[in-house]
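For reference, the structure discussed in these notes is given below.
The values are calculated or read from the model by the stated rules, or taken from the named source; none is laboratory data. Predicted, not measured: the structure shown is a model, and the values here were computed from it. Positions of Cβ are generated from backbone atoms using ideal geometry, with glycine treated the same way; all protein chains shown enter the neighbour counts.
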Amino acid sequence: MSNVFARRIALALCTLLLTPIVTQAQSKSAAPLVEFENMTWPEVKAALAAGKTTALFYTGGTEQRGPQNINGGHNYMAKATVKELAVRLGNAIAMPVLAYTPNSASAQLPGTIGLTPELLSAMLERMSEEAIKTGFKNVVLMGDHGGGQPNAYKSVAEKLDAKYAPQGVHVFYADSIYAPRQAAFDEWLAKNGYPTGGHASLIDTSELLYLCADACVRKELVATALGDPVQAPGAPRDPNATRLNNGITGDARRSTAELGKRMFDLKMEYGIRQIQRLIPPPAK
C-alpha cells in the first residue's frame with residue numbers, strides 16, 4: 001500500500017469519525033437558547049436587553065396516566081411546549097416547568113402527587129413576581145393539566161396585572177392552548193373516525209409518542225390501552241357500563257406519533273395566536 005493511499009484512507013476515517021461530532025456541535029449552536037434553567041445569568045441579562053422580556057410559565061403535573069404512559073408525561077409535554085413557544089415567538093424565555101398541579105394521590109393507582117388549588121395559586125404568584133423582579137415585562141401563565149384552570153391561573157394573572165400594570169408590567173393567563181385547543185382536536189378526531197377521550201386516552205398517548213416515544217410510553221401496552229367509557233360532562237355514571245379502573249378514560253389503542261404531531265402543532269397555533277394578541281410582537 002502506497003503512503004499516499006494510506007494517508008487518503010486515514011483522512012477518510014477521520015472525516016467519518018468527526019462528522020457526527022461536528023454536526024452535533026453545529027446543531028447545538030444553531031438552536032436558540034430560550035430555556036431559563038439552561039442559561040447563565042449573563043445570558044439571561046443579555047436576552048432581556050435584546051428584547052426577550054416575556055416569561056412563559058407552563059405548568060405540568062405528576063399523575064398516573066394509565067398502564068402505558070409514565071407518570072411525568074405532563075412534564076415532558078409541558079417542557080417541549082413552552083420551549084417551542086419561546087422559540088417561535090422570538091421575544092420570550094421558557095421558564096422552568098412546575099411539576100406539580102392540583103390533584104390527589106391514590107393507593108389504587110399510585111402515580112399521582114398533587115397540590116391544592118390554594119398552593120398552586122401561591123406558587124404561581126410567587127413565580128410571577130420573581131420573574132418581574134428579574135426584569136421581565138410580561139408574564140404568561142399556562143398549564144398542561146386541567147386542575148386549577150382557570151381559577152388559579154386566571155385569578156393570579158388578574159391580581160398581579162392590576163398590581164403591576166401602572167409600572168408597565170403585565171401578567172396574562174393564556175387559556176387557548178388548553179381547553180379550546182382540546183375541543184378543536186376532539187372535533188377533528190370525530191370527523192376523521194378516531195375515538196375522542198379523556199385522561200390517558202389517544203390524545204395524551206399520541207402526543208407522548210411524538211415527543212418522547214420509548215422514554216414516555218410502554219409501546220407494547222398501547223394495543224391493549226382501553227379504559228373506562230367516556231361520559232358527557234355532568235352526566236350520571238352508567239351503572240351497567242364496564243369499568244376497568246386502569247387510569248384511562250377512553251380508548252388509546254390507535255395512538256400514533258403522527259396524531260401526536262398534529263396535536264402539538266395545534267398547541268403552537270392556538271398558543272402563539274393568543275399570546276401575540278395579548279402581547280403584540282414589536283414592529284420590524
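Looking at (1) within 30 Å of GLU130 (Cβ to Cβ); (2) of a type in the set (Ser, Thr, Tyr); (3) touching a Pro at 6+ places or on another chain (Cβ under 8 Å), which is the only condition SER201 fails?
(1)
Out of the stretch 112-141, which residues are farther than 18 Å from ASP175 by Cα and touching a His at 6+ places or on another chain (Cβ under 9 Å)?
Here is the first cut: in the stretch 112-141, the residues farther than 18 Å from ASP175 by Cα are 112-116, 118-119, 122-123, 126-127, 129-137.
LYS137, the sole residue that qualifies.
Tell me yes or no: at least one residue of the stretch 137-146 is outside any loop (DSSP other than H, G, I, E, B), at pLDDT below 95 and either closer than 29 Å to ARG65 by Cα or touching a Lys or Arg at 6+ places or on another chain (Cβ under 7 Å) (or both).
Taking the stretch 137-146 and keeping what is outside any loop (DSSP other than H, G, I, E, B), we get 138-143.
Add one more test, that the residue is at pLDDT below 95, and what stays is 143.
Restricting the remaining residues to those that are either closer than 29 Å to ARG65 by Cα or touching a Lys or Arg at 6+ places or on another chain (Cβ under 7 Å) (or both) gives 143.
Scanning the stretch 137-146 turns up at least one residue that is outside any loop (DSSP other than H, G, I, E, B), at pLDDT below 95 and either closer than 29 Å to ARG65 by Cα or touching a Lys or Arg at 6+ places or on another chain (Cβ under 7 Å) (or both).
Is there a residue in the stretch 58-79 that is under 21 Å from ILE113 (Cβ atoms), surrounded by fewer than 20 Cβ atoms within 10 Å (Cβ to Cβ), at pLDDT 95 or above and among the hydrophobic types (A, V, I, L, M, F, W, C)?
Scanning the stretch 58-79, I find at least one residue that is under 21 Å from ILE113 (Cβ atoms), surrounded by fewer than 20 Cβ atoms within 10 Å (Cβ to Cβ), at pLDDT 95 or above and among the hydrophobic types (A, V, I, L, M, F, W, C), so the answer is yes.
Consider only pairs whose beta carbons are under 6 Å apart and that are at least six residues apart or on different chains; among these, list those whose first residue lies in the stretch 93-105 and is touching a residue at least 12 places away in the same chain (Cβ under 8 Å) and whose second residue is of a type in the set (Asp, Glu) and surrounded by fewer than 23 Cβ atoms within 10 Å (Cβ to Cβ).
Close Cβ pairs satisfying both conditions: ALA94/GLU35; PRO96/GLU37.
Among the residues of the stretch 213-225, are any part of a loop (DSSP other than H, G, I, E, B) and either at pLDDT 95 or above or within 22 Å of the chain's Cα centre (by Cα) (or both)?
Yes.
Take the conditions at pLDDT 95 or above, surrounded by fewer than 17 Cβ atoms within 10 Å (Cβ to Cβ) and in a loop (DSSP other than H, G, I, E, B) and apply them to PRO96. Does it pass? Don't jump to the end; show me each part of the working.
Working: at pLDDT 95 or above: yes; surrounded by fewer than 17 Cβ atoms within 10 Å (Cβ to Cβ): yes; in a loop (DSSP other than H, G, I, E, B): yes.
So PRO96 fits the description; yes.
Considering SER106, SER155, which residue is part of a helix (DSSP H, G or I), modelled with pLDDT of 95 or more and not aliphatic (A, V, I, L, M)?
Working: SER106 fails: part of a helix (DSSP H, G or I).
So the residue among SER106, SER155 that is part of a helix (DSSP H, G or I), modelled with pLDDT of 95 or more and not aliphatic (A, V, I, L, M) is SER155.
Out of all the residues in the stretch 172-212, which are loosely packed, with under 15 Cβ neighbours inside 10 Å and part of a loop (DSSP other than H, G, I, E, B)?
ASN192, GLY193
Whether any residue in the stretch 249-257 is in a helix (DSSP H, G or I), more than 25 Å from LYS79 (Cβ to Cβ) and at pLDDT 95 or above is what I want to check. First the steps, then the outcome.
Filtering the stretch 249-257 down to residues in a helix (DSSP H, G or I) leaves 257.
From the residues that got through so far, the ones that are more than 25 Å from LYS79 (Cβ to Cβ) too are none.
No; the residues of the stretch 249-257 include none that is in a helix (DSSP H, G or I), more than 25 Å from LYS79 (Cβ to Cβ) and at pLDDT 95 or above.
Quick one: which residue in LEU244, LEU211, LEU266 is over 14 Å from ASN69 (Cβ atoms) and either charged (D, E, K, R) or in contact (Cβ under 8 Å) with a residue 24 or more places away in the chain (or both)?
Numbers: LEU244 fails: either charged (D, E, K, R) or in contact (Cβ under 8 Å) with a residue 24 or more places away in the chain (or both); LEU211 fails: over 14 Å from ASN69 (Cβ atoms).
Among LEU244, LEU211, LEU266, only LEU266 is over 14 Å from ASN69 (Cβ atoms) and either charged (D, E, K, R) or in contact (Cβ under 8 Å) with a residue 24 or more places away in the chain (or both).
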